[in-house]
Amino acid sequence: AEKGLKDYYKAYFPVGVAVSPQGLKGAEGELIKQQFNSITPENAMKMGPIHPEENRYFWKDADEIVQFAQDHHLRVRGHNLLWHEQTPRWLFKNADGSTVSKDVLLQRLHDHIDTVVKRYKGKIYAWDVVNEAISDNPQEFLRDSEWYKICGEDFIAKAFEYAHAADPSAVLFYNDYNTERPEKRDRIIKLLKKLKAAKVPIDAVGLQGHWSLQEPTEPELRAALDEYKALGLKIQITELDVSIYPWEKERRARCPDESDAFTPELEQKQAAQYKMFFKVFRDYKNVLTGVTFWNISDKYTWLDTYPVPGRKNYPLLFDQNQKPKKAFYEVVKF
Ligand code: XIL
(Lines give C-alpha, C1' and ligand atoms only; values in the text may rest on other atoms or scores of the structure.)
Protein backbone atom coordinates (compact mmCIF):
# COMPACT_ATOMS: atom_id res chain seq x y z
CA ALA A 1 0.00 0.00 0.00
CA GLU A 2 1.04 3.59 -0.58
CA LYS A 3 2.52 5.53 2.32
CA GLY A 4 -0.07 7.51 4.27
CA LEU A 5 -0.01 10.43 6.71
CA LYS A 6 0.11 7.93 9.60
CA ASP A 7 3.33 6.45 8.20
CA TYR A 8 5.06 9.79 7.61
CA TYR A 9 4.15 10.84 11.15
CA LYS A 10 4.91 7.55 12.87
CA ALA A 11 7.70 9.05 14.96
CA TYR A 12 5.57 12.07 15.89
CA PHE A 13 1.89 11.50 16.69
CA PRO A 14 -1.15 9.55 15.47
CA VAL A 15 -3.06 11.25 12.65
CA GLY A 16 -6.84 11.03 12.89
CA VAL A 17 -10.02 11.95 11.06
CA ALA A 18 -13.66 12.67 11.95
CA VAL A 19 -16.13 10.26 10.39
CA SER A 20 -19.80 9.43 9.98
CA PRO A 21 -21.02 5.89 9.15
CA GLN A 22 -21.42 6.91 5.45
CA GLY A 23 -17.78 8.03 5.36
CA LEU A 24 -16.61 4.50 6.19
CA LYS A 25 -17.76 3.22 2.80
CA GLY A 26 -16.43 3.59 -0.75
CA ALA A 27 -13.44 5.70 -1.72
CA GLU A 28 -13.48 7.79 1.46
CA GLY A 29 -13.44 4.59 3.53
CA GLU A 30 -10.41 3.37 1.59
CA LEU A 31 -8.69 6.69 2.22
CA ILE A 32 -9.27 6.36 5.98
CA LYS A 33 -7.50 2.99 6.04
CA GLN A 34 -4.63 4.21 3.88
CA GLN A 35 -3.97 7.55 5.61
CA PHE A 36 -5.11 7.56 9.24
CA ASN A 37 -4.60 5.60 12.45
CA SER A 38 -7.22 7.29 14.60
CA ILE A 39 -10.87 8.23 14.19
CA THR A 40 -13.39 10.46 15.92
CA PRO A 41 -17.14 10.09 15.38
CA GLU A 42 -18.19 13.43 13.86
CA ASN A 43 -21.69 13.36 15.40
CA ALA A 44 -22.64 9.83 16.42
CA MET A 45 -21.60 10.03 20.09
CA LYS A 46 -22.93 13.49 20.86
CA MET A 47 -25.68 13.50 23.47
CA GLY A 48 -28.50 14.46 21.07
CA PRO A 49 -27.87 11.71 18.52
CA ILE A 50 -26.90 8.97 21.00
CA HIS A 51 -29.37 9.69 23.83
CA PRO A 52 -32.41 11.27 22.15
CA GLU A 53 -34.88 10.42 24.94
CA GLU A 54 -34.59 9.60 28.61
CA ASN A 55 -33.88 5.87 28.95
CA ARG A 56 -33.43 5.44 25.19
CA TYR A 57 -30.03 5.24 23.55
CA PHE A 58 -29.36 5.03 19.81
CA TRP A 59 -26.14 3.02 19.51
CA LYS A 60 -26.14 1.91 15.87
CA ASP A 61 -23.98 4.64 14.28
CA ALA A 62 -21.52 4.84 17.16
CA ASP A 63 -21.17 1.04 17.29
CA GLU A 64 -20.51 0.90 13.56
CA ILE A 65 -17.70 3.42 13.83
CA VAL A 66 -16.12 1.64 16.79
CA GLN A 67 -16.38 -1.70 14.97
CA PHE A 68 -14.66 -0.21 11.89
CA ALA A 69 -11.87 1.02 14.14
CA GLN A 70 -11.47 -2.41 15.73
CA ASP A 71 -11.43 -4.12 12.34
CA HIS A 72 -8.77 -1.80 10.96
CA HIS A 73 -6.69 -1.19 14.11
CA LEU A 74 -7.49 2.49 14.50
CA ARG A 75 -7.66 4.24 17.84
CA VAL A 76 -10.87 6.06 18.71
CA ARG A 77 -11.31 9.47 20.36
CA GLY A 78 -14.78 9.79 21.89
CA HIS A 79 -16.54 13.08 21.11
CA ASN A 80 -18.19 14.37 23.26
CA LEU A 81 -19.82 13.92 26.65
CA LEU A 82 -21.05 17.45 27.37
CA TRP A 83 -21.74 20.36 25.01
CA HIS A 84 -24.24 23.21 24.67
CA GLU A 85 -25.17 22.13 21.12
CA GLN A 86 -26.65 18.87 19.80
CA THR A 87 -27.97 18.27 23.30
CA PRO A 88 -31.46 16.79 23.70
CA ARG A 89 -34.15 19.10 25.12
CA TRP A 90 -35.55 16.45 27.48
CA LEU A 91 -32.40 16.66 29.57
CA PHE A 92 -33.23 20.09 30.96
CA LYS A 93 -36.97 19.55 31.47
CA ASN A 94 -39.18 17.86 34.06
CA ALA A 95 -42.24 15.90 32.95
CA ASP A 96 -44.43 18.99 33.59
CA GLY A 97 -42.23 21.14 31.32
CA SER A 98 -40.51 23.08 34.10
CA THR A 99 -36.72 23.36 34.22
CA VAL A 100 -34.90 20.65 36.19
CA SER A 101 -33.01 21.29 39.40
CA LYS A 102 -29.24 21.10 39.56
CA ASP A 103 -29.44 17.75 41.37
CA VAL A 104 -31.62 16.20 38.68
CA LEU A 105 -29.45 17.54 35.87
CA LEU A 106 -26.25 16.22 37.46
CA GLN A 107 -27.93 12.85 38.06
CA ARG A 108 -28.87 12.69 34.36
CA LEU A 109 -25.38 13.76 33.35
CA HIS A 110 -23.95 11.03 35.55
CA ASP A 111 -26.20 8.35 34.05
CA HIS A 112 -25.38 9.47 30.52
CA ILE A 113 -21.61 9.57 30.98
CA ASP A 114 -21.55 6.33 32.96
CA THR A 115 -23.56 4.45 30.31
CA VAL A 116 -21.72 5.74 27.23
CA VAL A 117 -18.19 5.57 28.62
CA LYS A 118 -18.64 2.06 30.07
CA ARG A 119 -20.09 0.72 26.82
CA TYR A 120 -16.88 1.57 24.95
CA LYS A 121 -14.38 0.98 27.75
CA GLY A 122 -11.18 -0.45 26.30
CA LYS A 123 -12.20 0.57 22.77
CA ILE A 124 -12.10 4.35 23.18
CA TYR A 125 -8.81 5.61 24.57
CA ALA A 126 -9.71 9.30 25.02
CA TRP A 127 -12.82 11.43 25.55
CA ASP A 128 -13.65 15.06 24.90
CA VAL A 129 -15.44 15.37 28.21
CA VAL A 130 -16.43 19.03 28.08
CA ASN A 131 -16.69 20.89 24.77
CA GLU A 132 -16.69 24.69 24.31
CA ALA A 133 -17.63 25.80 27.83
CA ILE A 134 -15.75 29.12 27.62
CA SER A 135 -17.68 32.16 26.38
CA ASP A 136 -16.75 34.01 23.18
CA ASN A 137 -17.48 37.26 24.96
CA PRO A 138 -14.26 38.53 26.60
CA GLN A 139 -16.34 40.11 29.42
CA GLU A 140 -17.68 36.67 30.37
CA PHE A 141 -15.92 33.60 31.73
CA LEU A 142 -18.12 30.57 31.09
CA ARG A 143 -20.66 30.40 28.26
CA ASP A 144 -24.18 31.19 29.41
CA SER A 145 -25.51 27.74 28.47
CA GLU A 146 -28.33 25.70 29.95
CA TRP A 147 -25.66 23.78 31.87
CA TYR A 148 -24.27 26.94 33.39
CA LYS A 149 -27.66 28.47 34.12
CA ILE A 150 -28.79 25.39 36.05
CA CYS A 151 -25.55 24.20 37.66
CA GLY A 152 -23.18 27.15 37.83
CA GLU A 153 -19.54 26.18 37.24
CA ASP A 154 -19.86 22.76 38.89
CA PHE A 155 -20.95 20.80 35.84
CA ILE A 156 -17.44 20.88 34.41
CA ALA A 157 -15.67 19.20 37.33
CA LYS A 158 -18.56 16.75 37.73
CA ALA A 159 -18.38 15.65 34.08
CA PHE A 160 -14.67 14.83 34.46
CA GLU A 161 -15.26 12.97 37.71
CA TYR A 162 -18.06 10.87 36.22
CA ALA A 163 -15.97 10.02 33.14
CA HIS A 164 -12.95 9.07 35.24
CA ALA A 165 -15.05 6.84 37.48
CA ALA A 166 -16.55 5.07 34.45
CA ASP A 167 -13.16 4.43 32.81
CA PRO A 168 -10.12 5.29 34.95
CA SER A 169 -7.72 4.66 32.06
CA ALA A 170 -9.37 6.98 29.51
CA VAL A 171 -7.49 10.18 28.65
CA LEU A 172 -9.83 13.05 29.49
CA PHE A 173 -9.91 16.30 27.49
CA TYR A 174 -11.29 19.80 27.68
CA ASN A 175 -11.86 20.79 24.00
CA ASP A 176 -12.48 24.25 22.49
CA TYR A 177 -12.03 26.53 19.44
CA ASN A 178 -10.19 29.83 18.95
CA THR A 179 -7.85 28.54 21.62
CA GLU A 180 -4.98 30.59 20.16
CA ARG A 181 -6.71 33.99 20.41
CA PRO A 182 -5.05 35.55 23.47
CA GLU A 183 -8.24 36.76 25.17
CA LYS A 184 -9.95 33.38 24.84
CA ARG A 185 -6.75 31.46 25.54
CA ASP A 186 -6.33 33.31 28.86
CA ARG A 187 -9.82 32.33 29.98
CA ILE A 188 -9.33 28.70 28.94
CA ILE A 189 -6.10 28.65 30.91
CA LYS A 190 -7.87 30.12 33.92
CA LEU A 191 -10.41 27.27 33.75
CA LEU A 192 -7.76 24.58 33.30
CA LYS A 193 -5.74 25.92 36.24
CA LYS A 194 -8.82 25.89 38.46
CA LEU A 195 -9.58 22.29 37.50
CA LYS A 196 -6.00 21.19 38.16
CA ALA A 197 -5.92 23.00 41.51
CA ALA A 198 -9.15 21.24 42.53
CA LYS A 199 -7.59 17.85 41.57
CA VAL A 200 -10.19 17.26 38.87
CA PRO A 201 -9.14 14.27 36.70
CA ILE A 202 -8.29 16.16 33.50
CA ASP A 203 -5.36 14.96 31.38
CA ALA A 204 -5.30 17.06 28.26
CA VAL A 205 -6.55 20.02 26.26
CA GLY A 206 -7.95 19.76 22.74
CA LEU A 207 -7.35 22.66 20.35
CA GLN A 208 -10.03 22.18 17.73
CA GLY A 209 -8.02 23.82 14.94
CA HIS A 210 -10.85 25.22 12.82
CA TRP A 211 -8.40 27.57 11.20
CA SER A 212 -8.12 29.77 8.10
CA LEU A 213 -5.54 31.13 5.65
CA GLN A 214 -5.04 34.11 7.98
CA GLU A 215 -5.00 32.62 11.45
CA PRO A 216 -3.52 31.56 13.67
CA THR A 217 -0.14 33.00 12.73
CA GLU A 218 2.97 31.01 13.61
CA PRO A 219 3.78 33.14 16.70
CA GLU A 220 0.18 32.87 17.91
CA LEU A 221 0.19 29.11 17.51
CA ARG A 222 3.56 28.67 19.25
CA ALA A 223 2.58 30.98 22.10
CA ALA A 224 -0.63 29.02 22.65
CA LEU A 225 1.14 25.64 22.60
CA ASP A 226 3.73 26.97 25.08
CA GLU A 227 1.06 28.21 27.46
CA TYR A 228 -0.97 25.00 27.41
CA LYS A 229 2.17 22.91 27.73
CA ALA A 230 3.20 24.85 30.84
CA LEU A 231 0.06 23.59 32.60
CA GLY A 232 1.44 20.06 32.46
CA LEU A 233 -1.41 18.83 30.26
CA LYS A 234 -1.05 16.87 27.03
CA ILE A 235 -2.30 18.62 23.90
CA GLN A 236 -4.07 17.41 20.75
CA ILE A 237 -5.27 19.20 17.66
CA THR A 238 -8.72 17.62 17.55
CA GLU A 239 -10.66 19.11 14.60
CA LEU A 240 -8.22 20.46 12.05
CA ASP A 241 -9.37 22.13 8.85
CA VAL A 242 -8.20 25.25 7.00
CA SER A 243 -11.14 27.20 5.58
CA ILE A 244 -10.55 29.21 2.40
CA TYR A 245 -12.83 31.93 3.83
CA PRO A 246 -11.67 34.39 6.48
CA TRP A 247 -13.16 33.65 9.89
CA GLU A 248 -14.71 37.12 10.37
CA LYS A 249 -16.40 36.90 7.00
CA GLU A 250 -17.74 33.46 7.85
CA ARG A 251 -19.78 35.09 10.59
CA ARG A 252 -21.73 37.20 8.06
CA ALA A 253 -24.19 36.04 5.46
CA ARG A 254 -22.70 34.97 2.18
CA CYS A 255 -21.87 37.88 -0.15
CA PRO A 256 -23.90 37.51 -3.39
CA ASP A 257 -20.88 38.24 -5.61
CA GLU A 258 -18.59 35.88 -3.75
CA SER A 259 -16.92 33.17 -5.79
CA ASP A 260 -16.51 29.78 -4.21
CA ALA A 261 -13.87 28.55 -6.62
CA PHE A 262 -10.72 26.94 -5.24
CA THR A 263 -8.27 29.01 -7.30
CA PRO A 264 -4.57 28.09 -7.71
CA GLU A 265 -3.76 31.11 -5.56
CA LEU A 266 -5.93 29.82 -2.71
CA GLU A 267 -4.50 26.33 -3.07
CA GLN A 268 -0.99 27.78 -2.78
CA LYS A 269 -1.85 29.82 0.31
CA GLN A 270 -3.52 26.85 1.93
CA ALA A 271 -0.51 24.63 1.25
CA ALA A 272 1.79 27.20 2.87
CA GLN A 273 -0.48 27.46 5.90
CA TYR A 274 -0.66 23.67 6.36
CA LYS A 275 3.13 23.44 5.93
CA MET A 276 3.64 25.96 8.73
CA PHE A 277 1.15 24.22 11.05
CA PHE A 278 2.79 20.82 10.68
CA LYS A 279 6.28 22.22 11.13
CA VAL A 280 5.12 23.66 14.45
CA PHE A 281 3.36 20.39 15.37
CA ARG A 282 6.56 18.41 14.79
CA ASP A 283 8.42 20.80 17.09
CA TYR A 284 5.94 20.00 19.86
CA LYS A 285 5.91 16.24 19.45
CA ASN A 286 6.74 15.65 23.12
CA VAL A 287 3.52 17.22 24.27
CA LEU A 288 1.32 16.85 21.18
CA THR A 289 -0.26 13.39 21.29
CA GLY A 290 -2.45 13.54 18.19
CA VAL A 291 -3.63 15.60 15.22
CA THR A 292 -7.13 14.89 13.90
CA PHE A 293 -8.72 16.32 10.74
CA TRP A 294 -12.39 17.28 10.78
CA ASN A 295 -13.62 15.21 7.78
CA ILE A 296 -11.90 13.06 5.20
CA SER A 297 -11.79 14.92 1.89
CA ASP A 298 -13.21 18.05 0.24
CA LYS A 299 -16.04 15.90 -1.12
CA TYR A 300 -17.82 16.48 2.17
CA THR A 301 -16.90 18.99 4.84
CA TRP A 302 -19.12 20.46 7.57
CA LEU A 303 -17.89 23.88 6.34
CA ASP A 304 -20.01 23.45 3.17
CA THR A 305 -22.99 24.36 5.32
CA TYR A 306 -21.45 26.14 8.31
CA PRO A 307 -21.77 29.02 9.05
CA VAL A 308 -23.67 29.75 5.83
CA PRO A 309 -25.26 27.15 3.54
CA GLY A 310 -24.74 26.90 -0.20
CA ARG A 311 -21.06 27.78 -0.27
CA LYS A 312 -18.45 25.16 -1.11
CA ASN A 313 -15.31 24.98 1.02
CA TYR A 314 -12.04 23.11 0.46
CA PRO A 315 -10.42 22.83 3.89
CA LEU A 316 -8.78 19.38 3.86
CA LEU A 317 -5.69 17.64 2.44
CA PHE A 318 -7.61 15.57 -0.13
CA ASP A 319 -9.75 16.91 -2.97
CA GLN A 320 -13.30 15.98 -3.94
CA ASN A 321 -11.97 12.82 -5.66
CA GLN A 322 -9.84 11.88 -2.65
CA LYS A 323 -6.63 12.84 -4.46
CA PRO A 324 -3.86 14.55 -2.45
CA LYS A 325 -3.77 18.35 -2.78
CA LYS A 326 -0.70 20.62 -2.75
CA ALA A 327 -1.16 20.94 1.01
CA PHE A 328 -0.77 17.16 1.43
CA TYR A 329 2.65 17.18 -0.26
CA GLU A 330 3.81 20.07 1.94
CA VAL A 331 2.71 18.25 5.08
CA VAL A 332 4.61 15.04 4.26
CA LYS A 333 7.78 16.73 2.95
CA PHE A 334 10.22 17.20 5.83
C1 XIL B 1 -20.07 19.64 13.71
C2 XIL B 1 -20.32 18.53 12.69
O3 XIL B 1 -19.21 18.44 11.84
C4 XIL B 1 -21.58 18.82 11.92
O5 XIL B 1 -21.92 17.72 11.08
C6 XIL B 1 -22.76 19.12 12.86
O7 XIL B 1 -23.87 19.52 12.11
C8 XIL B 1 -22.38 20.20 13.84
O9 XIL B 1 -21.20 19.84 14.52
N10 XIL B 1 -16.92 21.89 17.02
C11 XIL B 1 -17.13 20.61 17.46
C12 XIL B 1 -17.74 19.62 16.54
O13 XIL B 1 -16.72 20.26 18.57
O14 XIL B 1 -18.52 18.67 17.22
C15 XIL B 1 -18.55 20.28 15.46
O16 XIL B 1 -18.98 19.27 14.53
C17 XIL B 1 -17.73 21.35 14.77
C18 XIL B 1 -17.34 22.42 15.74
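Within the stretch 295-334, if we keep just the residues that are buried (at least 23 other Cβ atoms within 10 Å of the Cβ) and part of a loop (DSSP other than H, G, I, E, B), the residue that is nearest to the ligand (Cβ to nearest atom) turns out to be Asn295.
If I filter the stretch 149-171 for residues that are within 16 Å of the ligand (Cβ to nearest atom) and out of contact with any helix residue (DSSP H, G or I) (no Cβ under 8 Å at 6 or more places or on another chain), do I get at least one hit? The answer is no; no qualifying residue exists. Is it the case that the stretch 49-69 has a residue that's within 12 Å of the ligand (Cβ to nearest atom) and among the basic types (Lys, Arg)? No, the stretch 49-69 contains no residue that is within 12 Å of the ligand (Cβ to nearest atom) and among the basic types (Lys, Arg).
Annotation for the stretch 210-218: no member residue is among the aliphatic types (A, V, I, L, M), assigned to a helix (DSSP H, G or I), under 30 Å from Leu317 (Cβ atoms) and in contact (Cβ under 8 Å) with a residue 12 or more places away in the chain. Listed by position, the helices (runs of 4 or more DSSP H) contained in the stretch 142-197 that have at least 1 residues being within 26 Å of Pro216 (Cα to Cα) are 182-197. Is there a residue being assigned to a helix (DSSP H, G or I), among the acidic types (Asp, Glu) and surrounded by 16 or more Cβ atoms within 10 Å (Cβ to Cβ) anywhere in the stretch 226-239? Yes, some residue in the stretch 226-239 is assigned to a helix (DSSP H, G or I), among the acidic types (Asp, Glu) and surrounded by 16 or more Cβ atoms within 10 Å (Cβ to Cβ). Residues in the stretch 289-334 that are out of contact with any helix residue (DSSP H, G or I) (no Cβ under 7 Å at 6 or more places or on another chain) and within 16 Å of Gly16 (Cβ to Cβ): 8 in all. Sort out which residues of the stretch 130-144 are within 16 Å of Lys158 (Cα to Cα) and either surrounded by fewer than 12 Cβ atoms within 10 Å (Cβ to Cβ) or of a type in the set (Gly, Ala, Ser) (or both), and write them in order of number. The one that is within 16 Å of Lys158 (Cα to Cα) and either surrounded by fewer than 12 Cβ atoms within 10 Å (Cβ to Cβ) or of a type in the set (Gly, Ala, Ser) (or both): Ala133. Quick check on the stretch 110-117. Is at least one of its residues more than 16 Å from the ligand (Cβ to nearest atom) and under 27 Å from Ile32 (Cβ atoms)? The answer is yes, given that some residue of the stretch 110-117 is more than 16 Å from the ligand (Cβ to nearest atom) and under 27 Å from Ile32 (Cβ atoms). Could you list, in sequence order, the residues of the stretch 318-334 that are within 23 Å of the chain's Cα centre (by Cα) and either within 14 Å of Leu213 (Cα to Cα) or among the aromatic types (Phe, Trp, Tyr) (or both)? Hits for the stretch 318-334 are Phe318, Ala327, Phe328. Would you please name the residue that is farthest from the ligand (Cβ to nearest atom), looking only at residues in the stretch 70-85 that are hydrophobic (A, V, I, L, M, F, W, C) and farther than 14 Å from Glu42 by Cβ? So the residue we want is Leu74. Looking at the stretch 272-281, can you tell me whether even one residue there is of a type outside the set (A, V, I, L, M, F, W, C), away from the ligand (no atom under 16 Å from the Cβ) and surrounded by fewer than 18 Cβ atoms within 10 Å (Cβ to Cβ)? So far as the stretch 272-281 goes, yes, one or more of its residues are of a type outside the set (A, V, I, L, M, F, W, C), away from the ligand (no atom under 16 Å from the Cβ) and surrounded by fewer than 18 Cβ atoms within 10 Å (Cβ to Cβ). Within the stretch 145-184, the only residue that satisfies the criterion of being on the phi > 0 side of the Ramachandran plot and surrounded by fewer than 19 Cβ atoms within 10 Å (Cβ to Cβ) is Gly152. For the structure I just gave you, tell me whether Val200 is assigned to a strand (DSSP E or B) and away from the ligand (no atom under 12 Å from the Cβ). So Val200 fails the test. Among the residues of the stretch 119-129, those identified as surrounded by 12 or more Cβ atoms within 10 Å (Cβ to Cβ) and more than 16 Å from the ligand (Cβ to nearest atom) are Arg119, Tyr120, Lys121, Lys123, Tyr125. Here Asp260 clears all of (1) closer than 19 Å to Lys326 by Cβ; (2) at pLDDT 95 or above except the condition numbered (2).
Filtered by the rule that a residue be in contact (Cβ under 8 Å) with a residue 12 or more places away in the chain and either loosely packed, with under 15 Cβ neighbours inside 10 Å or within 16 Å of the ligand (Cβ to nearest atom) (or both), the stretch 86-101 gives Gln86, Thr87, Pro88, Thr99, Ser101.
With the condition kept exactly as written, say whether any residue in the stretch 114-121 is over 11 Å from Tyr162 (Cα atoms) and either among the aromatic types (Phe, Trp, Tyr) or modelled with pLDDT under 95 (or both). Taking every residue of the stretch 114-121 in turn, at least one turns out to be over 11 Å from Tyr162 (Cα atoms) and either among the aromatic types (Phe, Trp, Tyr) or modelled with pLDDT under 95 (or both).
The values are calculated or read from the model by the stated rules, or taken from the named source; none is laboratory data. What you are looking at is a predicted structure, and each value in this text was computed from that prediction instead of being measured. All Cβ positions, glycine included, derive from the backbone under ideal geometry; neighbour counts span all protein chains shown.
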